[in-house]
Amino acid sequence: MTLTSFSQDPNKNSSYHPLPDSESEIHLKHEDRIEASSSSARRKARINRYALAGAILASTNSVLLGYDIGVMSGAVLYIREDLRISSMQVEILVGSLNVCSLIGSLASGKTSDSIGRRYTIILAALTFLLGAILMGLAPSFSFLMAGRIVAGIGVGFSLMIAPVYVAELSPAMTRGFLTSLPEVFINVGILLGYISNYALSGISPSVNWRLMLGMAAVPAMAVAVGVLAMPESPPWLVMRGRLEEARKVLVRTSETKEEAERRLSEIVKAASLCSTNLRGGQGAVWMDLLFRPSRSVRRILIAAVGVNFFMQASGNDAVVYYSPEVFKEAGIQGKRQLVGVTVMMGIAKTSFVLISALFLDNFGRRPLLLLGSAGMALSLAGLGLGSKYLEYSDPKPEWAILLCVVAVCSTVSFFSIGLGPITWVYSSEIFPLRFRAQGSSLAISVNRLVSGLVSMTFLSISEEISFGGMFYTLSGIMVVATIFFYFFCPETKGKSLEEIGALFEDQVHENNDDYKLLS
């Protein structure tokens, strides 16, 4: 990674100057910055239109993953019939995309630092486009798997870069809403996948699943073209010494010139520290992140990896992927009926993620995260109870079937309130600039690995301990997750990216709505 040196005073050795007509100094005193931040927090936050447009364009990439998750849950019913594959092959097919996305997630850190956040988003869309074409034309299971592998790499790039880009572009007071947009678009994609399943379910099984999977190429092309209109991330521009370009972007994404000036000053200062500590290049960053982290960096890493781990250990992706199997076990018969019920689940999931996104900057990350994980624990316990009752009942009572349907919708809804949007927000905002790309890629690699493992073992484990036993297990995991979030995840609402690191230091102010972190 090539950096412009900021080892000395950035204002003496760069082309950066205060914005025109501004009475503020570049270097605000620490007390002045705190006072300005508090004053800003008291004002009603308004969403900057330019930042919103950039966030929407970047987040549109997430439609691709959502569409794949939604469409595969129904398409696999017809793939199994047409290609005559086993349950183990179904698990490999479904989970392979998540496991292969590890490649994209791990590579995205270096790629986004090298070619920029914006072009990495384009790379993600083009890679997924190729995978969608391969899956749509697949004449055999092995060909279909090749398409899944390519699409998975594109998904890995997308999941890391979209939240990081949006977090770096957004003002502090609306960053929660804007950075949660990737999860909103994932859910929109899931719903579109469900609708596609339902609309194409009447076509021949040898054709419909190919159309379902191949249609993902359309949004991928739209994303690749649309991203060209986006600005580059200001921190990346500063790291490259392109301060005038960064200033122009910040002016357009801030409410006032003073706010833009303050944001640029903080980024320049962070880049100065980053440059001073990056003498050894990318290798030194990984060494300091994994093997010799400071106390605060270690806490940040634990929080980021923990949130991503529990997001997928909750079993949400598996529940979405295999919801037709769950509903079939509950007693709902007929492929079209099964797909219809999943559409209802998708509507509930999308509705609640929109609600969460809208209130994320008002209520904060921590309360919604705790509410979502506790709600999932109760919902999964209810799903386990209904599944267990149906397992030993013949005929199957309607109330138990209804309980399972409601519990599944409740589970995905609570996920959309908490872990769904907040995982992306948290992963992208808590790392210091020096570690942001690599730290986020590592956390999301854990996310993808756990998602793949859960997706590839969900049916096999459920066959051994029953769906009821599996849901009880997932409920227990969410109880542990709630405890983890309570002790390891401080509130980051309303703080700049450069201020968030202080939350993970030894000193935590009592008036911060935070709490004392565990050592």
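Between a residue in the stretch 311-328 that is touching a residue at least 40 places away in the same chain (Cβ under 8 Å) and any residue that is open to solvent by 10 Å² or more (accessible area, probe 1.4 Å) and not aliphatic (A, V, I, L, M), which pairs come within a Cβ distance under 7 Å, given they are 6 or more apart or on different chains?
Taking only residues 6 or more apart or on different chains, the pairs are VAL326/PHE467.
Condition check ((1) without any contact (Cβ under 8 Å) to a residue 12 or more places away in the chain; (2) crowded, with 24+ Cβ neighbours inside 10 Å; (3) in a helix (DSSP H, G or I); (4) on the phi > 0 side of the Ramachandran plot) across all residues:
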{"site": "GLY384", "(1), (2), (3), (4)": "no, no, yes, no"}
{"site": "SER387", "(1), (2), (3), (4)": "no, yes, yes, no"}
{"site": "ASP394", "(1), (2), (3), (4)": "yes, no, no, no"}
{"site": "TRP399", "(1), (2), (3), (4)": "yes, no, yes, no"}
{"site": "LEU403", "(1), (2), (3), (4)": "no, no, yes, no"}
{"site": "PRO421", "(1), (2), (3), (4)": "no, yes, yes, no"}
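Looking at the stretch 372-382 only, could you name the residues that are surrounded by fewer than 24 Cβ atoms within 10 Å (Cβ to Cβ) and among the small types (Gly, Ala, Ser)?
ALA374, GLY375, ALA377, ALA381, GLY382, listed by residue number.
Looking only at the stretch 175-185, count every residue that is assigned to a helix (DSSP H, G or I) and either aromatic (Phe, Trp, Tyr) or modelled with pLDDT under 85 (or both) and tell me the total.
Going residue by residue through the stretch 175-185, those that are assigned to a helix (DSSP H, G or I) are 175-179, 181-185.
Those left that are additionally either aromatic (Phe, Trp, Tyr) or modelled with pLDDT under 85 (or both): 175-177, 179, 182-183, 185.
Total satisfying the criteria: 7.
Could you list all residues from the stretch 352-405 that are small (Gly, Ala, Ser) and either assigned by the TED database to the domain that holds LEU191 or at pLDDT below 90 (or both)?
Going residue by residue through the stretch 352-405, those that are small (Gly, Ala, Ser) are 356-357, 364, 372-375, 377, 379, 381-382, 384, 386-387, 393, 400.
Hits for the stretch 352-405 are SER356, ALA357, GLY364, GLY386, SER387, SER393, ALA400.
Counting just the residues of the stretch 187-216 that are touching a residue at least 12 places away in the same chain (Cβ under 8 Å) and not in a helix (DSSP H, G or I), which one comes out nearest to the chain's Cα centre (by Cα)? Break it down into steps so the answer makes sense when it comes.
Of all residues in the stretch 187-216, those touching a residue at least 12 places away in the same chain (Cβ under 8 Å) come to 187-198, 200-202, 205-206, 208-216.
Narrowing the set further to residues that are not in a helix (DSSP H, G or I) leaves 201-202, 215-216.
Details: SER201: 30, GLY202: 33, MET215: 23, ALA216: 19 Å.
Checking each candidate, the answer is ALA216.
Can you give me the number of residues within the stretch 332-382 that are more than 30 Å from TRP209 (Cα to Cα) and not in a helix (DSSP H, G or I)?
Counting residues in the stretch 332-382 that are more than 30 Å from TRP209 (Cα to Cα) and not in a helix (DSSP H, G or I) gives 1.
Return the total of residues in the stretch 83-131 being on the phi > 0 side of the Ramachandran plot and open to solvent by 60 Å² or more (accessible area, probe 1.4 Å).
1
Quick check on GLY315: is it more than 25 Å from LEU390 (Cα to Cα) and surrounded by 20 or more Cβ atoms within 10 Å (Cβ to Cβ)?
Considered against the rule, which asks whether it is more than 25 Å from LEU390 (Cα to Cα) and surrounded by 20 or more Cβ atoms within 10 Å (Cβ to Cβ), GLY315 comes out as no.
So in the stretch 217-237, with the set limited to residues that are free of Cβ contacts under 8 Å to residues at least 24 places away in the same chain and over 16 Å from LEU137 (Cβ atoms), which one is most open to solvent (accessible area, probe 1.4 Å)? Please lay out each step first, then the result.
Let us first name the residues in the stretch 217-237 that are free of Cβ contacts under 8 Å to residues at least 24 places away in the same chain, namely 218, 225, 237.
Still in the running and over 16 Å from LEU137 (Cβ atoms): 225, 237.
Working: VAL225: 103, LEU237: 3 Å².
Ranking the qualifying residues of the stretch 217-237, first place goes to VAL225.
Out of the stretch 91-115, which residues are aliphatic (A, V, I, L, M) and either in contact with a Cys (Cβ under 6 Å, 6 or more places away or on another chain) or at pLDDT 85 or above (or both)? Write out each step before concluding.
Pass one, the stretch 91-115, residues aliphatic (A, V, I, L, M): 92-94, 97, 99, 102-103, 106-107, 115.
Within the stretch 91-115, ILE92, LEU93, ILE103, ALA107, ILE115 qualify.
Which is crowded, with 18+ Cβ neighbours inside 10 Å and over 25 Å from the mean Cα position of the chain (by Cα), of PHE458, PHE467, PHE504?
Working: PHE458 fails: over 25 Å from the mean Cα position of the chain (by Cα); PHE504 fails: over 25 Å from the mean Cα position of the chain (by Cα).
Exactly one of PHE458, PHE467, PHE504 is crowded, with 18+ Cβ neighbours inside 10 Å and over 25 Å from the mean Cα position of the chain (by Cα), namely PHE467.
GLU168 - would you say it is among the charged types (D, E, K, R), touching a residue at least 12 places away in the same chain (Cβ under 8 Å) and over 20 Å from ASN98 (Cβ atoms)? It would help to see each step written out before you state the result.
Working: among the charged types (D, E, K, R): yes; touching a residue at least 12 places away in the same chain (Cβ under 8 Å): yes; over 20 Å from ASN98 (Cβ atoms): yes.
Against the criterion (among the charged types (D, E, K, R), touching a residue at least 12 places away in the same chain (Cβ under 8 Å) and over 20 Å from ASN98 (Cβ atoms)), GLU168 qualifies.
Where residues in the stretch 30-82 are acidic (Asp, Glu) and open to solvent by 30 Å² or more (accessible area, probe 1.4 Å), which of them is modelled with the highest pLDDT?
The residue in question is ASP82.
Among the numbered criteria (1) surrounded by 21 or more Cβ atoms within 10 Å (Cβ to Cβ); (2) aliphatic (A, V, I, L, M); (3) without any contact (Cβ under 8 Å) to a residue 40 or more places away in the chain, which single criterion is violated by LEU144?
Only one criterion is unmet by LEU144, namely (3).
Suppose we filter MET135, MET88 for residues that are modelled with pLDDT of 90 or more and part of a helix (DSSP H, G or I); which single one remains?
Values: MET88 fails: modelled with pLDDT of 90 or more.
Just one listed residue meets the conditions, MET135.
Collect the residues in the stretch 91-106 that are more than 16 Å from ALA146 (Cβ to Cβ) and of a type in the set (Ser, Thr, Tyr), keeping them in residue-number order.
Residue satisfying the conditions is SER105 alone.
The values are calculated or read from the model by the stated rules, or taken from the named source; none is laboratory data. Just so you know, these numbers come straight off a predicted model, no measurement behind them. Heads up, the Cβs are rebuilt from the backbone with ideal geometry, glycines too, and the neighbour counts pull from every protein chain shown. The accessibility values were calculated without ligands, DNA or RNA, using every heavy atom of the protein model including side chains. Shrake-Rupley method; radii C 1.70, N 1.55, O 1.52, S 1.80 Å.
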